[in-house]
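A quick write-up on the structure given underneath.
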Amino acid sequence: MIEALSGLEQALVADGGVMIRGESGTGGEVFARAIHLASAGGRHGSIGQLLTRAMNTPMPNGAPFVIFDCAVANAVERRLFGAEMERSGADSVEHISESSAVYQALGGTLVLRNLPDLSGRLQVRLARILRDGEVLVIATGKVQVRPVDLRPIAVLEPVEDDRVNAELRRRLSQTTITMPPLRERREDLPALVRYLLMDICGGLNLPPKRASSQAIALMAALPWRGNLQELEGLLRVLVLKVQEPLIRQSDVLANVRLEGGPSSIIYGGSLKQARARFEREYVASVLAQHNGRMTDAAKTLGIQRTNLYRKVRQLAVKRPPVAKSS
């Protein structure tokens with residue numbers, strides 16, 4: 001996550017387009033909101049405080065924040081540009097109308113979802129607009145030239161940018177941010193669980209709940225193929241189903257199913273193999289959470305330290321190096 005935050009810092013001080021790559025649910029849109037919020041002088045405090053405001057603010061600031069899905073089923077060109085007429089000559093500018101997403105984003109931010117699904121011809125039109133820096137706005141009874149004072153941000157899957165027009169990709173990737181999937185940032189999970197539980201309980205007007213360290217350790221071992229959306233879905237179910245203020249490890253186990261549901265664990269092979277693989281990942285995750293300290297990990301797992309040593313050998317768990325105390 002450090003590299004992603006470093007990319008965000010760069011985007012906050014740089015001009016031009018931003019390309020945010022990452023699996024669905026990794027927080028790319030939150031980063032886009034944070035960039036938009038800071039662009040109008042809305043950055044006060046740390047990056048963490050900026051991201052918190054971006055998550056909690058429906059409209060990050062007074063400037064337009066327009067999200068356009070390039071995978072919409074029909075009338076893509078009319079929705080994006082408002083006019084199907086392209087520029088008439090090499091020296092003329094592109095035409096748009098006041099109903100278009102491009103026009104509505106002027107003076108603010110245009111976030112492009114599923115950009116590779118936009119046809120090659122429309123990608124060329126968008127690249128021309130960003131290159132020329134001005135458009136011809138067709139309004140009722142008048143035509144005027146407007147500067148393209150917007151910041152484009154593309155949020156796309158990590159392997160899809162090769163389907164983006166080269167000129168458009170260059171315009172959009174003045175800064176590139178790669179969002180790591182949740183399974184690669186397990187150290188962030190305790191803080192994410194605390195924040196999401198507070199947010200879910202507040203939104204449902206319910207008393208606050210917290211998760212035990214054992215429950216968090218179990219969640220840290222899950223694969224989270226749906227990333228933050230999947231985590232939030234599981235926590236929402238737990239908030240609604242668990243009556244006590246403390247969510248325990250047994251509550252998580254009772255609400256995680258092998259297929260489907262708020263969280264999905266799909267392993268090949270027999271049940272015994274699936275159980276062994278889960279146990280191996282769980283033990284490895286708890287050890288990583290405690291920086292390789294066997295005594296602390298054994299306490300979290302609820303077993304004796306000697307039994308943990310035996311488990312590590314039996315399951316061929318690779319122990320992380322023990323962190324030296326400062």
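The values are calculated or read from the model by the stated rules, or taken from the named source; none is laboratory data. What you see is a predicted model, and the numbers here were worked out from it, not measured in a lab. Here the Cβ is made from the backbone with ideal geometry for all residues, glycine too, and neighbour counts use every protein chain on show.
A few notes on this one:
- Matching residues, region 269-315, being charged (D, E, K, R) and modelled with pLDDT under 80: Lys272, Arg275, Arg277, Glu279, Arg280, Glu281
- Flag for Gly108 being within 30 Å of Met179 (Cα to Cα), modelled with pLDDT of 85 or more and either basic (Lys, Arg) or surrounded by fewer than 18 Cβ atoms within 10 Å (Cβ to Cβ) (or both): no
- For region 188-213, the tally of residues that are of a type in the set (A, V, I, L, M, F, W, C) and either exposed (fewer than 13 other Cβ atoms within 10 Å of the Cβ) or over 24 Å from Gly302 (Cα atoms) (or both) stands at 8.
- On inspection, Arg225 qualifies as at pLDDT 75 or above, surrounded by fewer than 17 Cβ atoms within 10 Å (Cβ to Cβ) and under 28 Å from the mean Cα position of the chain (by Cα).
- Test for Gly25: is it at pLDDT 80 or above, under 15 Å from Leu156 (Cβ atoms) and either of a type in the set (Phe, Trp, Tyr) or in a helix (DSSP H, G or I) (or both): no
- Any hit, region 133-151, residues being under 20 Å from Gly28 (Cβ atoms), free of Cβ contacts under 8 Å to residues at least 40 places away in the same chain and in the same structural domain as Ala32 (by TED's automatic domain parsing): no
- Residue in region 179-212 that is nearest to the chain's Cα centre (by Cα), counting only those that are modelled with pLDDT under 90 and small (Gly, Ala, Ser): Ala191
- Residue check, Glu167 at pLDDT below 85 and farther than 27 Å from Gln289 by Cα: no
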